[in-house]
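The values are calculated or read from the model by the stated rules, or taken from the named source; none is laboratory data. Note that the structure is predicted; figures quoted are calculated from it, not measured. Virtual Cβ from ideal backbone geometry, glycine too; neighbours counted across all protein chains shown. These area figures cover heavy atoms from the full protein model, side chains too; ligands, DNA and RNA do not enter into them. Shrake-Rupley method; radii C 1.70, N 1.55, O 1.52, S 1.80 Å.
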Amino acid sequence: MAYKVRFVNYPRQYQALKSEFDDVFEEVMAAGDFILRRHLDSFEKNIAAYVGTKHAIGVNTGTDALYLSAHALGFGPGDEIITVAHTFVATVGAIVQCGARPVLVDIKDDFNMDVDQIEKAITKKTKGIIPVHLNGHACQMDRIMETAARYNLKVIEDAAQALGTTFRGRKCASFGHTGIFSFYPAKMLGTAGDGRIVCTNDDGLARKLRASRDNGRVASVAVIECFGYCSRLDNLHAALLDMKFKYFEKWVARRREIAEIYDKGLSGLPGLILPPRSGSAFFDVYQNYVIRSARRDELAAHLKVSGIEVLISWRTPLHRQKSLGLGHFNLPMTERISAEVLSLPIYPELTDDEANMVIEAVRSFHT
């Protein structure tokens with residue numbers, strides 16, 4: 001159907017920056033700069049400087065970023081890794097693909113890991129923690145890193161939705177042993193396909209990751225340092241991302257403006273829960289604007305009829321996906337939130353009038 005307000009609008013961004021998109025494409029194609037070229041090097045350096053880490057290593061997909069991090073940190077058979085079920089399957093999949101066992105803990109009403117449950121989940125087999133910074137809101141990384149240090153655990157930050165997010169003034173993906181960002185098209189900084197990056201301050205880990213992404217090669221194609229994979233961030237994607245990156249802070253500011261419009265327009269509606277208000281320790285970038293309603297499915301149907309495109313993320317939580325064999329975990333908050341969440345359109349090109357159309361449609365359901 002033809003929506004009045006799209007959930008994301010890729011063509012609108014392309015038209016706004018068409019000459020720059022076209023210039024980047026022509027530059028890369030004319031030079032034949034396709035694999036591990038200067039655009040990737042520039043983008044990696046810019047992301048590392050922005051996040052505040054020594055290294056950033058571009059890889060092909062989010063699944064690869066998580067798996068290569070887990071592999072580089074030595075996760076393997078017999079190990080237990082603590083994470084959450086309210087996340088994309090790749091977070092848990094990286095653990096399983098390394099031969100380790102995922103141990104799932106519940107979340108709080110901010111959709112992130114309940115840090116009070118971590119210590120109770122630790123056993124002699126526990127080797128790591130993968131916190132997920134969901135919707136552009138940071139986990140309580142001070143508590144997580146304190147616990148990890150006390151038990152000598154490795155931490156991978158899944159910051160796929162959290163580029164630019166900070167906790168106590170520090171960027172997400174700079175706390176853990178590694179941290180990863182996604183450049184899937186719908187992300188705040190998205191490319192025209194798949195792409196991700198791994199950040200780290202550890203020189204040894206960085207070299208392992210660079211070798212792993214390029215079939216064991218780092219400094220020379222003639223020297224193979226290990227059996228690796230083919231998981232490079234393509235130079236064309238890196239060039240597009242580097243061009244777009246100069247607009248990133250402006251786009252974050254616009255997302256926060258739209259979130260404020262939604263906050264004001266939707267507050268006080270009975271049965272509707274807005275995104276949690278962040279304290280001064282948090283800076284949210286609003287990758288998603290997620291509301292909760294006990295009548296979520298009815299609301300979603302009403303918005304569709306009203307011409308508003310929305311997204312329901314993970315209607316069935318991972319531990320209730322029968323084929324994954326995770327049904328033994330008891331995660332009541334995860335199940336409740338999975339039954340209630342609904343993401344509204346939020347992206348820099350969304351106009352105030354469109355945001356108000358969304359508000360009017362939501363309010364008409366509740367009045």
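Consider segment 129-176 and keep the residues that are among the aliphatic types (A, V, I, L, M) and part of a strand (DSSP E or B). The one that is farthest from F75 (Cα to Cα) is V132. Helices (runs of 4 or more DSSP H) fully within segment 230-349 that include at least 1 residues being touching a residue at least 12 places away in the same chain (Cβ under 8 Å), of a type in the set (S, T, N, Q) and under 26 Å from T166 (Cα atoms): 332-338.
Scanning segment 262-283 for residues that are of a type outside the set (D, E, K, R) and within 23 Å of A90 (Cα to Cα) turns up nothing. Does A239 qualify as being hydrophobic (A, V, I, L, M, F, W, C) and surrounded by 14 or more Cβ atoms within 10 Å (Cβ to Cβ)? The answer is yes for A239. For segment 273-295, a tally of residues being within 14 Å of the chain's Cα centre (by Cα) and of a type in the set (V, I, T) returns 1. Take D158 and tell me if it is more than 20 Å from E249 (Cβ to Cβ), modelled with pLDDT of 95 or more and surrounded by fewer than 23 Cβ atoms within 10 Å (Cβ to Cβ). In short, no.
Conditions (1) more than 24 Å from E335 (Cβ to Cβ); (2) in contact with a Ser or Thr (Cβ under 8 Å, 6 or more places away or on another chain), marked per residue:
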{"position": "V96", "(1), (2)": "no, no"}
{"position": "R101", "(1), (2)": "no, no"}
{"position": "L104", "(1), (2)": "no, yes"}
{"position": "D109", "(1), (2)": "no, no"}
{"position": "N152", "(1), (2)": "yes, no"}
{"position": "F181", "(1), (2)": "yes, no"}
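The set of residues from segment 193-222 being of a type in the set (A, V, I, L, M), touching a residue at least 40 places away in the same chain (Cβ under 8 Å) and either open to solvent by less than 10 Å² (accessible area, probe 1.4 Å) or closer than 15 Å to L40 by Cβ (or both) comprises I197, V198, A206, L209.
Taken over segment 54-64, the residue count meeting the criterion of being surrounded by fewer than 21 Cβ atoms within 10 Å (Cβ to Cβ) and over 18 Å from V218 (Cα atoms) is 2. Which condition breaks for E354 when tested against (1) outside any helix (DSSP H, G or I); (2) at pLDDT 95 or above; (3) farther than 18 Å from L272 by Cα? It is condition (1) that E354 fails. When P77, P102 are checked against the criterion of being at pLDDT 95 or above and under 20 Å from F227 (Cβ atoms), P77 stands alone in meeting it. Tell me which of these I118 doesn't satisfy, since it passes every other one: (1) closer than 25 Å to L331 by Cβ; (2) open to solvent by less than 10 Å² (accessible area, probe 1.4 Å); (3) in contact with a Gly (Cβ under 9 Å, 6 or more places away or on another chain); (4) part of a helix (DSSP H, G or I). With (1) closer than 25 Å to L331 by Cβ; (2) open to solvent by less than 10 Å² (accessible area, probe 1.4 Å); (3) in contact with a Gly (Cβ under 9 Å, 6 or more places away or on another chain); (4) part of a helix (DSSP H, G or I) applied to I118, the lone miss is (3). Please enumerate the residues belonging to segment 10-42 that are open to solvent by 50 Å² or more (accessible area, probe 1.4 Å) and outside any helix (DSSP H, G or I). Within segment 10-42, F34, I35, L36, R37 qualify.
I'd like to check something: does segment 355-363 contain any residue that is surrounded by 15 or more Cβ atoms within 10 Å (Cβ to Cβ) and under 25 Å from I107 (Cβ atoms)? The answer is yes; a qualifying residue exists. For the subset of segment 65-109 comprising residues that are within 15 Å of the chain's Cα centre (by Cα) and in a loop (DSSP other than H, G, I, E, B), which member is surrounded by the fewest Cβ atoms within 10 Å (Cβ to Cβ)? It comes out as F88.
Taken together, the criteria exclude I47 from residues that are in a strand (DSSP E or B), crowded, with 20+ Cβ neighbours inside 10 Å and modelled with pLDDT of 95 or more.
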